[in-house]
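Here the structure is laid out as structure tokens; the discussion comes afterwards.
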């Protein structure tokens, strides 16, 4: 019979998200609803403030992809004012964005996503010697001795035997959906711990350039990272600031460490684990549409030809055609609130371009159930997320969109890398349109980005050698130099996908501010036509629940998007008849 | 799968962690918290007798930056903390369980460790008629906080949002967000502010509680004095340039490149109590000022709404006269390694002045 399952909170994500879905008699998900359950109103808080301060506020939208909103924000102000930044500042931003990709993707894989595929308790049954053989057969990574795995196993065993499982308590251990042999589980648990230690070290790159991580500092008009290389300095000397000849070498070794971890651990682990879960290449496709705004310019945001990620839209899986995308076109980008807890002055089914966007909260008036509640009112508003659409289409953004775009654009290193991975897994390119494809794309793009970083550092070092130390353009810092009114869009490719901030400036203050974030594109609710967003569509693609009380299948697909919101999942009856609530354990 | 619980001493002995290694850990923690060697030894003794402290971590109107920050802790590391010293029984970002299974983990820990567990909170809370602005498992954050706090030993707020309201409470506070202390009145609350807080300050504060089973000494805003006893300016490596009147006038001029004082480009270091300038960030021997941007003041209440924004220079009225600060720096130099103690009394007297 049809069932309703409630999973709230979905853990191992950023933030608060809730999804409701319906199963048919066979236990397949027939419809799913995605709902963000927390709102702060940061766009409203930004109104009336100094546009140069906006990055710090916007950055606090998220502390995981911690720099992306800071970057999009300073770019929005620079776009509005036509404010050029020095090349070194662009390269510093690229290095910080690149480091964020690699850091964020590795942490997502090991610390947020892995426990969907890796059974920690099964690792206790592994033979450390065989684990070592397995590890050495797939990689040259140094920490692969039997003794090393024995130590890790001992650590886990003692934790289990202490009776206090902490973060591992109440997991779905032993669920038949876990397919890895004990040795692969032990290897993955060891790398879970290694990745924790590794990530601590590589964030030093953000600290050097931005003062700290999370929430490194940014600056409208450049980068707040003056370079102290001046040999003639009488005071302060050559190490007057954090960015100097010593730390340029630190950055170099951090980039090497990133490349090494991706090549020796992340890529081989992804391929090894994926080999046991090939059926996940056959479910979890989203909307069949993909969008990329573009990012990582070698020269500047005004020179899209120098971008590493180039913009475009792919419709209906057709990799032979790429549509151009224009963020300023009100016909292309619109946000809807038909199923959101907001009011628009133009009515609930009208779409607004972000320059004209509104953020009027209305929970009770738009169908929000009074807490404590069991069920969302999916016929009216059911989320704090809006529904953004490109030319009316629901599109997916993120690593899968970017890798497909590079592939479609004929980017040779991407074709080679994807070809190698798919060959190893004996899968066609179509396999990428899936839950596992999304997860694999994240791994592949980590390698692609890590391999770009040294190039940016080399260009910066060459600039410094040639005497160009400039990191900030002072010209338009003073608001008195600004036009009375201006508006602009700052965009970037965040690790989770295409991100844009729209700003309207009047008399030196923020008149309107709207952020359209990747997880809004991916996790947003249905639109006025009742078309599902990517999370919802992916869950509706070939998902049967082995045990509705342990919906690991839902977690796998939701986590494959790397959500940036806290969430919950329901499975409800499509016919609206009385449903049986199943306790999810 | 659960067995009897054992104390930390037994657990670590079984794990083959030597007394020497354990003492070393305690000494490192002790020095982070400016404890005497005798206190560090006492810490080791107490810890050996404890079971792993149950910690329930609640995330409300937040950005997960505080959690990300604690994963960057070098000493103790997060993995050492959760494997060896605490039992992190509920934590959305890290825990394996989801949905009801996660909620059960919280309820079980509350039952089993009644009166003993520590609640960590990140994020502000929309209260009363605004409570529907943030829900988990269909329950308002306010309800979850009240329920979970009822039987706890103490609450540690991490981040300026949980401590003081933070960004959601910034003007015009669209969701009516408040701090933990606006809701919970009958439990000890330790505020570890910062946006995010420094990793060592979070782990150091937790270590203090689990070592001594007591609340560390706090300032008038409920922050541990060991970490919040001095301003950024007190300990800033650029302080000599301030004394000499050498200021960066913009972000990339000669002064900026030579590491001169950032006061004129808006640095809030003189009015901001935090440990960034002495502990430094991410093991990278730097902190915001050293990298070239002024301090935003992120560990202070209402820093989002400060007059003039982040780039306007502080007016002298905000932080006392030049002479007073110069005097403080001399006193700080004289006490050398014990400067934390000086900071403590200094801030205490400032607090007393305020009261009188």
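Restricting to the stretch A:115-134, what's the tally of residues that are out of contact with any helix residue (DSSP H, G or I) (no Cβ under 6 Å at 6 or more places or on another chain) and closer than 18 Å to residue A:165 by Cβ?
First pass over the stretch A:115-134, keeping only residues out of contact with any helix residue (DSSP H, G or I) (no Cβ under 6 Å at 6 or more places or on another chain): A:115, A:121, A:127, A:133.
Still in the running and closer than 18 Å to residue A:165 by Cβ: A:115, A:121.
The qualifying residues number 2.
Go through the residues of the stretch B:60-79 one by one and say whether even a single one is crowded, with 19+ Cβ neighbours inside 10 Å, at pLDDT 90 or above, assigned to a strand (DSSP E or B) and within 20 Å of the chain's Cα centre (by Cα).
Yes, that holds for at least one residue.
Check the stretch A:38-48 and report whether any residue there is modelled with pLDDT of 95 or more and under 22 Å from residue A:205 (Cα atoms).
No: the stretch A:38-48 contains no residue that is modelled with pLDDT of 95 or more and under 22 Å from residue A:205 (Cα atoms).
With respect to residue A:26, determine if the residue is away from every other protein chain (no Cβ under 13 Å), surrounded by fewer than 24 Cβ atoms within 10 Å (Cβ to Cβ) and either assigned to a helix (DSSP H, G or I) or free of Cβ contacts under 8 Å to residues at least 40 places away in the same chain (or both).
Values: away from every other protein chain (no Cβ under 13 Å): yes; surrounded by fewer than 24 Cβ atoms within 10 Å (Cβ to Cβ): yes; either assigned to a helix (DSSP H, G or I) or free of Cβ contacts under 8 Å to residues at least 40 places away in the same chain (or both): no.
So residue A:26 does not fit the description; no.
Name the residue, out of B:312, B:339, that is out of contact with any strand residue (DSSP E or B) (no Cβ under 9 Å at 6 or more places or on another chain), surrounded by fewer than 23 Cβ atoms within 10 Å (Cβ to Cβ), modelled with pLDDT under 90 and more than 8 Å from every other protein chain (Cβ to nearest Cβ).
On the way: B:312 fails: modelled with pLDDT under 90.
When all the criteria are applied, what remains is B:339.
Could you check the stretch B:124-140 and list, in sequence order, the residues that are more than 8 Å from every other protein chain (Cβ to nearest Cβ), assigned to a helix (DSSP H, G or I) and crowded, with 22+ Cβ neighbours inside 10 Å?
none
Just checking, which of A:83, A:33 is farther than 24 Å from residue A:107 by Cβ, away from every other protein chain (no Cβ under 11 Å) and under 21 Å from the mean Cα position of the chain (by Cα)? Before you say what the answer is, go through the steps one by one.
Values: A:83 fails: under 21 Å from the mean Cα position of the chain (by Cα).
One residue alone meets the criteria, A:33.
Looking at the stretch B:74-93 only, could you name the residues that are more than 8 Å from chain A (Cβ to nearest Cβ) and in contact (Cβ under 8 Å) with a residue 60 or more places away in the chain? Walk me through how you get there before you give the answer.
As a first pass, look at the stretch B:74-93 and keep what is more than 8 Å from chain A (Cβ to nearest Cβ): B:75-76, B:80-81, B:84-85, B:90.
Across the stretch B:74-93, the qualifying residues are B:75, B:76, B:81, B:84, B:85.
Which one of A:474, A:485, A:493 is at pLDDT 95 or above and buried (at least 16 other Cβ atoms within 10 Å of the Cβ)? I'd like the intermediate steps shown before the answer.
Numbers: A:474 fails: buried (at least 16 other Cβ atoms within 10 Å of the Cβ); A:485 fails: buried (at least 16 other Cβ atoms within 10 Å of the Cβ).
None of the others qualify; the one that does is A:493.
Quick one: which residue in A:200, A:155 is closer than 30 Å to residue B:277 by Cβ, within 8 Å of another protein chain (Cβ to nearest Cβ) and either under 28 Å from the mean Cα position of the chain (by Cα) or at pLDDT below 95 (or both)? I'd like the intermediate steps shown before the answer.
Numbers: A:155 fails: closer than 30 Å to residue B:277 by Cβ.
Being closer than 30 Å to residue B:277 by Cβ, within 8 Å of another protein chain (Cβ to nearest Cβ) and either under 28 Å from the mean Cα position of the chain (by Cα) or at pLDDT below 95 (or both) holds for just one of A:200, A:155, which is A:200.
For the stretch B:264-279, what are the residues that are surrounded by fewer than 20 Cβ atoms within 10 Å (Cβ to Cβ) and out of contact with any strand residue (DSSP E or B) (no Cβ under 6 Å at 6 or more places or on another chain)? Step through it out loud before you land on a result.
Of the residues in the stretch B:264-279, the ones surrounded by fewer than 20 Cβ atoms within 10 Å (Cβ to Cβ) are B:264, B:271, B:278-279.
Those that are surrounded by fewer than 20 Cβ atoms within 10 Å (Cβ to Cβ) and out of contact with any strand residue (DSSP E or B) (no Cβ under 6 Å at 6 or more places or on another chain): B:271, B:278, B:279.
Please verify whether residue B:121 is in contact (Cβ under 8 Å) with a residue 60 or more places away in the chain and part of a strand (DSSP E or B), treating the condition exactly as stated.
On the way: in contact (Cβ under 8 Å) with a residue 60 or more places away in the chain: yes; part of a strand (DSSP E or B): yes.
In short, yes.
For the stretch B:94-131, which positions are under 19 Å from the mean Cα position of the chain (by Cα) and at negative phi? Spell out the reasoning first.
Taking the stretch B:94-131 first, the residues under 19 Å from the mean Cα position of the chain (by Cα) are B:117-125.
Matches in the stretch B:94-131: B:117, B:118, B:119, B:120, B:121, B:122, B:124, B:125.
Surrounded by fewer than 24 Cβ atoms within 10 Å (Cβ to Cβ) and closer than 17 Å to residue A:330 by Cα, is that true of residue A:540? Outline the logic, then answer.
On the way: surrounded by fewer than 24 Cβ atoms within 10 Å (Cβ to Cβ): yes; closer than 17 Å to residue A:330 by Cα: no.
No.
Do we find that residue B:113 is facing chain A (nearest Cβ under 7 Å) and crowded, with 22+ Cβ neighbours inside 10 Å in this structure? Reasoning before the result, please.
Values: facing chain A (nearest Cβ under 7 Å): no; crowded, with 22+ Cβ neighbours inside 10 Å: yes.
It is false that residue B:113 is facing chain A (nearest Cβ under 7 Å) and crowded, with 22+ Cβ neighbours inside 10 Å.
For the stretch A:359-382, what are the residues that are crowded, with 18+ Cβ neighbours inside 10 Å, out of contact with any helix residue (DSSP H, G or I) (no Cβ under 8 Å at 6 or more places or on another chain) and within 30 Å of residue A:489 (Cα to Cα)?
Correct list: A:366, A:382.
Let's see how each residue does on (1) within 29 Å of residue A:399 (Cβ to Cβ); (2) at pLDDT below 95; (3) out of contact with any strand residue (DSSP E or B) (no Cβ under 6 Å at 6 or more places or on another chain); (4) more than 7 Å from every other protein chain (Cβ to nearest Cβ):
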| residue | (1), (2), (3), (4) |
| --- | --- |
| A:204 | yes, no, yes, no |
| A:207 | yes, no, no, no |
| A:211 | yes, no, yes, no |
| A:226 | no, no, yes, no |
| A:230 | no, yes, yes, no |
| A:244 | no, yes, yes, yes |
| A:277 | yes, no, yes, yes |
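Could you list, in sequence order, the residues of the stretch B:182-213 that are closer than 24 Å to residue A:62 by Cα and assigned to a helix (DSSP H, G or I)?
Hits for the stretch B:182-213 are B:199, B:200, B:201, B:202, B:203.
Filter the stretch A:383-403 for residues that are part of a loop (DSSP other than H, G, I, E, B) and surrounded by fewer than 24 Cβ atoms within 10 Å (Cβ to Cβ); which is nearest to the other protein chains (Cβ to nearest Cβ)?
Pass one, the stretch A:383-403, residues part of a loop (DSSP other than H, G, I, E, B): A:383-386, A:391-392, A:394-395, A:397-398.
The next check asks that each one be surrounded by fewer than 24 Cβ atoms within 10 Å (Cβ to Cβ); those that pass are A:391-392.
Working: A:391: 31, A:392: 30 Å.
By that ranking, first place goes to A:392.
The values are calculated or read from the model by the stated rules, or taken from the named source; none is laboratory data. Keep in mind it's a predicted model, so treat the numbers as computed, not measured. Positions of Cβ are backbone-derived with ideal geometry, glycine not excepted, and every protein chain shown enters the neighbour counts.
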